[in-house]
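This report refers to the structure that appears directly beneath it.
Just so you know, all these numbers are worked out from the coordinates, no wet-lab data involved. The structure presented is a predicted model; accordingly, all values stated were derived computationally and were not measured. Backbone-built Cβ (ideal geometry, glycine too); neighbour counts: all protein chains shown.
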Amino acid sequence: MRRRDLLFAVIALILLWQLVAMLVNRPILPPPGLVARTFVTELRGDLLVHFQASLWRVIASTALSVALAAPAGLILGQSKRLNSLFSPLIYLVYPVPKVVFVPIVLLFLGLGDAPKIVIIFLILFFQILVLVRDQAAALRPELIQSVRSLGAGRRALFRFVYLPASLPGILTALRQSVGTAVAVLYVAELYATQKGLGYYIYLNGSTLLNYPAMYAGIVAMSLLGLGLYFSVDWLEKRLCPWLFTS
Amino acid sequence: MIELRSVTYAYQQGTPIFQDYNWNAGRGEAWAVLGPSGCGKTTLLYLLAGLRLPTSGQVLIDGKPLTRPRPHTGLILQDYGLLPWATVRENAVLGLRVRGFYGPDGKHAPQDFQRNLDVEPWLRRLGLEAVADQYPGQISGGQRQRTAIARTLALKPDLLLMDEPFSSLDAPTRESLQSLTLELQAEQNLTMVIVTHAIEEAAVMGRKILLLATPPNQNAHVIENPAAAQASFRETTAYLALCRELRLLMERQDR
C-alpha cells in the first residue's frame with residue numbers, strides 16, 4: 001500500500017463526510033471543516049488531557065499484557081505438559097467477549113485508571129498468549145536440536161530462538177486486538193471516570209450537546225486507534241524484517 | 001575418536017534400535033552411515049551428538065563418555081536448522097554468539113574459547129558473501145546448506161556429524177557440495193560421520209561405510225572404501241562395483 005493511495009482514501013472519506021453533512025444539514029452532523037476547527041481549539045483546552053488519559057491507559061495495558069502474556073505463551077509453547085494442563089482453561093476463556101467483564105471489573109476496582117487498564121489487559125492478554133504459544137509450539141524440533149548442538153542450553157535457546165520467534169506473534173496479536181481494545185476503552189470510559197476520550201465524547205454529546213466537540217472527540221479516538229495500528233506496522237517492519245522479503 | 005561400547009538404545013516401546021552395539025571410528029576418518037529408513041541412522045547421529053543418551057552402554061568421544069552435546073562436535077541436519085529470522089551472516093555467527101553468551105565454561109563452549117564473531121572468512125570460503133545479508137527464505141537450498149556448514153565450521157569442530165545433508169538438493173548442487181564437504185574435511189582434519197539413505201552418496205562420501213539394517217542392530221557391519229580418495233571416483237568402475245555391492249547388501253538385509 002502506497003502513501004499516495006492512503007492520502008487519496010483520506011480525502012475521499014472527508015469529501016463523503018462533507019457531502020452527507022450537506023445533505024443531512026442538521027447540527028448532529030457538522031461538516032468536517034467545522035469539526036477540524038473545533039478539534040484544534042479543543043486540543044488547546046480539555047481534549048488533549050482526555051487524549052493523554054486514554055493513550056496512557058492503552059499503552060500501560062499493552063505493556064502489561066505483552067510483559068505477562070509473551071513469557072507465559074513461550075512457556076506453554078515449550079512445555080507439552082503445562083499446555084495440556086492450561087489449554088482447556090484458555091479454550092473456555094479465550095472466546096468470551098471480555099467487554100462483558102467491564103461492570104465486574106468496575107465494581108471491584110472502582111474509580112481511576114486501574115479498571116480500564118485491566119479490561120484492555122484482559123483482551124490483549126489472551127490474544128497474545130494464544131498466538132505466542134502456537135508460534136513457540138510450531139518451532140520445528142530440528143531447529144531446536146540444531147541450535148542445541150551449537151552449545152545452546154535453556155537460556156541461550158530462549159534468547160536466540162524462542163524470544164525472536166515470539167515477536168511476530170506478539171505483533172500480530174496487537175494488530176488484531178488494538179481496534180477492539182480502543183472500542184472497549186471507549187465503553188469503559190463511560191463509567192466512573194472524568195478523564196478519557198470516552199467520557200469526553202459522551203459528555204459533549206449527551207450533556208453539553210456540543211456536537212462539533214463530540215465529533216472532535218470521535219476524531220481523536222479514531223486517531224488514537226489508527227496511531228496504534230500504524231505503530232504496530234512500523235514496529236513489525238523494524239523488528240521482523242524477514243517477514244517482508246519475498 | 002568415537003567409541004560405542006555395548007550401546008543399547010530403545011525408544012519406550014518396541015525393539016531396541018541398537019543392542020549391545022560396538023563400533024569405533026578413528027580421528028580424521030570420513031564415515032558414511034548407510035541404511036534404509038527406520039534403521040536408526042538418525043538415532044546413531046543423535047547419540048554421537050549427545051542429544052540422546054544410550055539406554056545402556058557408553059558413547060565415548062576422545063575417551064570421554066558423552067553426557068551432553070560437546071562443544072567440539074558440529075551437527076548439520078537435513079533441513080538445515082537455520083533461524084528464519086536471521087540473515088545468512090547472522091546465522092553463520094550464531095554458534096559463536098551462543099558461545100559468547102555463556103563464555104568459556106567448558107560446558108557450552110570450550111574452555112579455551114576466545115570471544116570472536118568473525119565469520120567473514122567462512123562466508124568467503126563457502127561462497128556466501130553475495131547473499132550474506134539475505135534471509136534463509138530468499139536463498140537456494142544449496143546456499144542454505146552452505147550457511148549451515150559455515151555456522152558449524154566457524155566453531156572449529158573436530159567431529160562433524162551430518163544427517164542427510166544433501167538429500168533435498170538437485171543433483172549438480174549435491175555433487176558440488178559433496179566435493180566441498182570432502183575438501184573441508186581433509187583441510188580441517190575433521191572426523192566426519194555422514195548419515196544417508198542414498199547408496200551413491202555413501203560410496204562417494206565414506207572412506208568407510210557403516211551399514212545399518214532393520215533393528216535391532218547388533219554387530220557393526222563395516223565396508224572399507226579406500227578407493228573413494230582418488231580423483232573423479234564417481235566415474236570409476238570401482239565406484240560402480242561398490243554401489244552394486246552396497247545395493248546387494250541392503251537387499252539381502254531387507255529379506
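Where does the charge balance sit around B:Ala92 when Lys and Arg score +1, Asp and Glu -1, over other residues with C-beta under 15 Å from its C-beta?
That works out to +4.
Please average, across the residues of B:163-170, the number of beta carbons from any other chain that are within 10 Å of each residue's own beta carbon, and give a whole number. Numbers along the way, then the final one.
Values: counts 3, 0, 0, 0, 0, 0, 0, 0.
Per-residue shielding by partner chains comes out at 0.
Where does the charge balance sit around A:Leu163 when Lys and Arg score +1, Asp and Glu -1, over other residues with C-beta under 15 Å from its C-beta?
Combined, the nearby Lys, Arg, Asp and Glu give +4.
Dipole of the stretch A:49-244 (Lys/Arg Cβ +1, Asp/Glu Cβ -1, origin at the Cα centre): which of A:Trp242, A:Gly225, A:Tyr200 lies farthest to the positive side?
Looking along the dipole axis, the top candidate is A:Trp242.
To the nearest 20 debye, what is the magnitude of the charge dipole of chain A about its Cα centre, counting +1 on the Cβ of each Lys and Arg and -1 on the Cβ of each Asp and Glu? Before the final figure, lay out the partial values.
Working: 21 positive and 9 negative charges, 141 e Å.
Once rounded to the nearest 20, the dipole reads 680 debye.
For B:Val33, what residues show an amide H to amide H distance below 5 Å, using hydrogens built from the backbone and excluding near sequence neighbours?
B:Ile194, B:Val195, B:Thr196, B:Leu210
Given N residues in the protein assembly as shown, what is its alpha carbon radius of gyration divided by 2.2 N^0.38 Å?
Values: Rg = 31.1 Å, N = 501, 2.2 N^0.38 = 23.4 Å.
In units of the 2.2 N^0.38 Å rule of thumb, it is 1.33.
Going toward the positive end of the dipole of chain B, with +1 on Lys and Arg Cβ and -1 on Asp and Glu Cβ, which of B:Pro136, B:Ile17, B:Ala148 do you reach last?
Result: B:Ile17.
State the answer as a single residue: which of A:Ile11, B:Thr8, B:Leu159 lies farthest towards the positive end of the charge dipole of the protein assembly as shown, with beta carbon charges of +1 for Lys and Arg and -1 for Asp and Glu, about the Cα centre.
Sorting the options by dipole projection puts first A:Ile11.
Please enumerate, by chain and number, the lysines with C-alpha under 30 Å from the C-alpha of B:Lys156, excluding those fewer than 8 residues away in the same chain.
B:Lys41, B:Lys64, B:Lys107, B:Lys208
If you find the alpha carbon centre of the stretch A:198-222 and of the stretch A:37-115, how far apart are they in angstrom?
Taking the Cα centre of the stretch A:37-115 as reference, the centre of the stretch A:198-222 is 23 Å away.
As an exercise, take the mean of 1/r over every pair of distinct alpha carbons in chain B, invert it, and state the Kirkwood radius in angstroms. The partial results should precede the final answer.
Working: mean 1/r = 0.0530 Å⁻¹.
18.9 Å is the Kirkwood radius here.
Could you pull out every one of the lysines with an alpha carbon less than 19 Å from that of A:Lys98, ignoring same-chain neighbours closer than 8 positions?
A:Lys116
Apply the membrane-span-like helix rule to chain A: whole DSSP H runs, Cα extent along the own long axis of at least 20 Å, mean Kyte-Doolittle hydropathy at least 1.0. List the helices found.
Values: long enough: A:3-24 (32 Å, 1.88); A:47-78 (46 Å, 1.33); A:113-138 (37 Å, 1.61); A:163-188 (35 Å, 1.27); A:211-239 (41 Å, 0.80).
Span-like helices, by this rule, are A:3-24, A:47-78, A:113-138, A:163-188.
Among residues other than B:Ala231 whose Cβ falls under 15 Å from its Cβ, what is the net charge (Lys/Arg +1, Asp/Glu -1)?
Surrounding charge for B:Ala231 is -1.
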